[in-house]
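Asks: Have a look at the structure that comes next, please.
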Amino acid sequence: DCLVCVRDTGVCPKLKFDGEDYDYDPRFTHELIGYNFKTMEFQAALAIVQLEKVDWIIRKRQDNVKFLNTNLKKYEEILQLPLYSDEIDYLAYPLVIKNSKISRKELRMKLETAGIETRPLFGCIPTQQPAYAYLKADYEGKLPNAEWVGRNGFYIGCHQYLEQADLDSIVEIFEKVLNHLMLKSGI
């Protein structure tokens, strides 16, 4: 709907749901039910090429998750890190803020400002999607874990093209931002 996206400034007219100020990305907030996108020939052609290197892609992403987990482990009291397994093909690096003194929105904005792109977890329960607002009263408080994760979880990238310098930079930025937020909130 917007001519120019201003989401990275922390101000977005589409980040309202039922009068509340949520920290959601409007690209993943749905007002209508029933839409889907089909893979077309062009996307299929790209996928065929990617399939030739799928083992490398999976291994590289797993290595990136393992590295980030090892280097962010000292923040486990604040962040729930993803479980590592060589059985998982990681799409992204999901994190959940465990301490309510840390604001997801503020953490995400500070990471974005420092050069780490983030995405809030995709809210998919009736209390987190406008398309299901008519069910909100029926579900409010009945899915506490999903609501917690939906309000406090976010992703960063762990894609296969991250180099060691990129991973080192991510850890350095997380340390700087988290140490600042911990000091600020008295953790």
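The values are calculated or read from the model by the stated rules, or taken from the named source; none is laboratory data. This one's a predicted model, so the numbers in the text were calculated from it and none came from an experiment. All accessible areas refer to the heavy atoms of the entire protein, side chains included, with ligands and DNA or RNA removed. Shrake-Rupley method; radii C 1.70, N 1.55, O 1.52, S 1.80 Å.
Asks: In a GNM of the chain with a 10 Å cut-off on Cα contacts, which of K105, K53, K136 has the highest mean-square fluctuation?
Replies: In this elastic network of the chain, the residue with the biggest mean-square fluctuation among K105, K53, K136 is K53.
Asks: Further question: Rounded to the nearest whole Å², what accessible area per residue is found for region 87-161 with the 1.4 Å probe? If you can, show how the numbers build up before the last one.
Replies: Working: 3840 Å² over 75 residues.
That works out to 51 Å² for each residue.
Asks: Which semi-axes, in whole Å and largest first, does the equivalent ellipsoid of region 68-138 have when worked out from the alpha carbon gyration tensor as the square roots of 5 times its eigenvalues?
Replies: Values: eigenvalues 132, 58, 34 Å².
Output for region 68-138: semi-axes of 26, 17, 13 Å.
Asks: Okay, moving on. With viscosity set to 0.692 mPa s and temperature to 37 °C, compute the Stokes-Einstein D of the chain, Rh being the Kirkwood radius across alpha carbon pairs; µm²/s, no decimals. Could you put the intermediate results ahead of the total?
Replies: Details: Rh = 18.4 Å.
Stokes-Einstein gives a translational diffusion coefficient of 178 µm²/s.
Asks: Mean residue ellipticity at 222 nm from the helices of the chain, using -39,500 (n - 2.57) per DSSP H segment of n ≥ 4 over the full residue count, to the nearest 500 deg cm²/dmol? Let's see the in-between values first.
Replies: Values: 6 runs with 75 residues, N = 187.
One gets -12500 deg cm²/dmol as the mean residue ellipticity at 222 nm.
Asks: Specify the residue with the greatest mean-square fluctuation among S103, S169, S85, computed from a Gaussian network of the chain linking alpha-carbon atoms under 10 Å apart.
Replies: In the Gaussian network model the winner is S85.
Asks: Here's a follow-up. Stretched out fully, how many nm does the piece from I88 to Y139 gain, at 0.36 nm a residue minus the Cα gap?
Replies: On the way: separation 51, 0.36 × 51 = 18.36 nm, distance 3.07 nm.
Here the segment from I88 to Y139 would lengthen by 15.3 nm.
Asks: Using θ = phi - 60° and the Karplus form 6.51 cos²θ - 1.76 cosθ + 1.60, what ³J(HN,Hα) does each residue of region 101-117 get, whole Hz, x for Gly and Pro?
Replies: 6, 9, 7, 4, 4, 5, 4, 4, 5, 5, 5, 4, 4, 7, x, 9, 6
Asks: While we're looking at this one, here's another question. Kindly write out, for region 158-165 in residue order, the coupling ³J(HN,Hα) from the Karplus curve 6.51 cos²θ - 1.76 cosθ + 1.60 (θ = phi - 60°), rounded to whole Hz, with x marking Gly and Pro.
Replies: So the Karplus estimates, Gly and Pro as x, are 9, 4, 5, 9, 6, 8, 4, 4 Hz.
Asks: I've got another one for you. Roll a 1.4 angstrom probe over the protein heavy atoms and tell me the percent of accessible area of region 100-187 that is carbon or sulfur. Let's see the in-between values first.
Replies: On the way: 2620 of 4670 Å².
On region 100-187, the fraction of accessible area on carbon and sulfur atoms equals 56 percent.
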